[in-house]
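Working notes, structure below.
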Amino acid sequence: MTRVIAIANQKGGVGKTTTTVNLAASLAAMKRRILLVDMDPQANATTGIGIDKHGQSSTLTDVLLGESHVTEILQKLPETSLHVLPGSPELTVAEITLMSKERREYHLKDALAPMQGAYDYILIDCPPSLNMLTVNALVAATGVIIPMQCEYYALEGLSALVGTIERITQTANPDLKVMGLVRTMYDPRSNLSRDVSEQINAFFRNKVYNTSIPRNIRLAEAPSHGLSALEYDKSSRGALAYLALAAELLRKDTGKIASDGEQAW
C-alpha cells in the first residue's frame, strides 16, 4: 500500500520544501519508489529538484482542474526511482477555482488514486498556509510530517495546523495521522534551540523524530543547482541528516507505531 505523506506547516521559512525534496531523494536512494507532488504555487520543490517550473505545458494545476491526467505531467528524474508532479505559480488559480467545485477537498486524492501501488511513498509539499491546496493535500494523505524551526514563534502557529488536522480527521479523512515533527535548522549550541526542543519533546513526546536537521550551507546551496543535498554533496551534514531521517521514518513506518485506534494527534 502506498504511503501518502503531506509535509505541512503554515509558517514559512521552516525548511518544509527542503525537507520534502531531501527526504524524497534520500528515500529514493534507499531503493524506495517515490513520487514528489509539488502543491505549493511557489513551486520551489519543482525547481529544487531540477525541473523548470515555467517550461511545462501542463502542471499539477491542470490535473486538479480535471484538464489533464496525472500520467500526462509525471516526470522521472534520470537514474533514480524518483518521479515528480511539478507545480507552478498557476496553482493559485487552481486554489480559487476549486472553491466553487463539487468535492473541492478531494481533487488531489482523486487524481492520485491511479498511483496507488505504483509507489512506496508519495510526498506532498504543501503551501505555507492553511488554504484549499493544503486541505487537498491533507485529505489525500495518510500521514503528516511537520518541519519546525526551534524558535518560539514556530510554536505559536502550530495549534492552527493541529486544529486543521483534527477537523479533517473528523470529517473528510479519518485515516490521517501525524507521523512526527522534524526539528529543522537546529543548532544544539544555542540555548534557544535547546529550550524550544525540550518544550516540543515534553508536549509531543514520541511524535518528535530523534533526527534533527542542522543549519548547513550545502542544504542552502543545493536548490540553486537544481539538486538535492544528496546529489550536491553527499558527505555534507545536511545530506547525512536527511538520510538519517529517512532511515528513522522507515523504521517507524515498518514498526507501525500508529495503531488503527490512535487519535490523529
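Worth pointing out:
- Size of charge dipole - the stretch 113-265 - debye, nearest 20, with Cβ of Lys, Arg +1 and Asp, Glu -1, no other charges: 300
- Split the accessible area of the chain by element, probe 1.4 Å, and carbon with sulfur accounts for 51%.
- Put a plus charge on the Cβ of each Lys and Arg, a minus charge on the Cβ of each Asp and Glu, and nothing anywhere else: the dipole of the chain about its Cα centre is then about 760 debye.
- When each of the peptides 156-163, 179-186, 105-112 is scored by the mean number of other C-beta atoms lying within 10 Å of its residues, the order from highest to lowest reads 179-186, 105-112, 156-163.
- At a probe radius of 1.4 angstrom, the accessible area of the stretch 139-200 per residue rounds to 42 square angstrom.
- Scanning residues 5 or more positions from V178 or on other chains, those with amide H under 5 Å from its amide H are V144, with H placed 1.01 Å from N in the peptide plane.
- Per-residue ³J(HN,Hα) for the stretch 158-165, Karplus 6.51 cos²θ - 1.76 cosθ + 1.60, θ = phi - 60°, Hz, x for Gly and Pro: 5, 4, 5, 5, 4, x, 5, 4
- Under the Karplus curve 6.51 cos²θ - 1.76 cosθ + 1.60, θ = phi - 60°, whole-Hz ³J(HN,Hα) for the stretch 177-191, x wherever Gly or Pro sits: 10, 7, 7, x, 9, 10, 7, 10, 6, 8, 10, x, 7, 8, 4
- Computed from phi, the 3J(HN,Hα) profile of the stretch 217-223 under the Karplus parametrisation 6.51, -1.76, 1.60 (θ = phi - 60°) reads 5, 5, 4, 6, 7, 3, x Hz, with x in place of Gly and Pro.
- Around the amide H of V4, modelled in the peptide plane, lie the amide H atoms of I122, T142, G143, all under 5 Å away and 5 or more residues distant in sequence or on another chain.
- Within-13-Å neighbourhood charge of R189 [Cβ basis; K, R +1; D, E -1]: 0
- Rounded, prolate or oblate (a/c below 1.5 giving rounded, otherwise prolate when a/b exceeds b/c) for the stretch 1-156 by Cα gyration tensor: rounded
- The translational diffusion coefficient of the stretch 185-250, from Stokes-Einstein at 25 °C and 0.890 mPa s with a Kirkwood hydrodynamic radius over alpha carbon pairs, comes to 190 µm²/s.
- Divide the volume of the convex hull around the Cα atoms of the chain by the residue count and you get 116 Å³ per residue.
- Over all pairs of different C-alpha atoms, the stretch 108-219 has a mean inverse distance whose reciprocal, the Kirkwood radius, equals 15.4 Å.
- Distances between placed amide hydrogens fall under 5 Å for R183 paired with M148, Y209, I213, all partners being 5 or more residues away or on another chain.
- Reducing the stretch 21-74 and the stretch 99-140 to their Cα centroids gives an inter-centroid distance of 13 Å.
- Working ranking of peptides 141-148, 201-208, 16-23, 238-245 by packing, defined as the average number of other Cβ atoms within 10 Å per residue, highest first, is 16-23, 141-148, 238-245, 201-208.
The values are calculated or read from the model by the stated rules, or taken from the named source; none is laboratory data. From a predicted model like this one, the values you see are computed outputs, not experimental measurements. Don't worry about glycine lacking a Cβ; one is built from the backbone with ideal geometry, like all the others, and counts go over all protein chains shown. Only protein heavy atoms, including side chains, enter the accessible area calculation; ligands, DNA and RNA are left aside. Shrake-Rupley method; radii C 1.70, N 1.55, O 1.52, S 1.80 Å.
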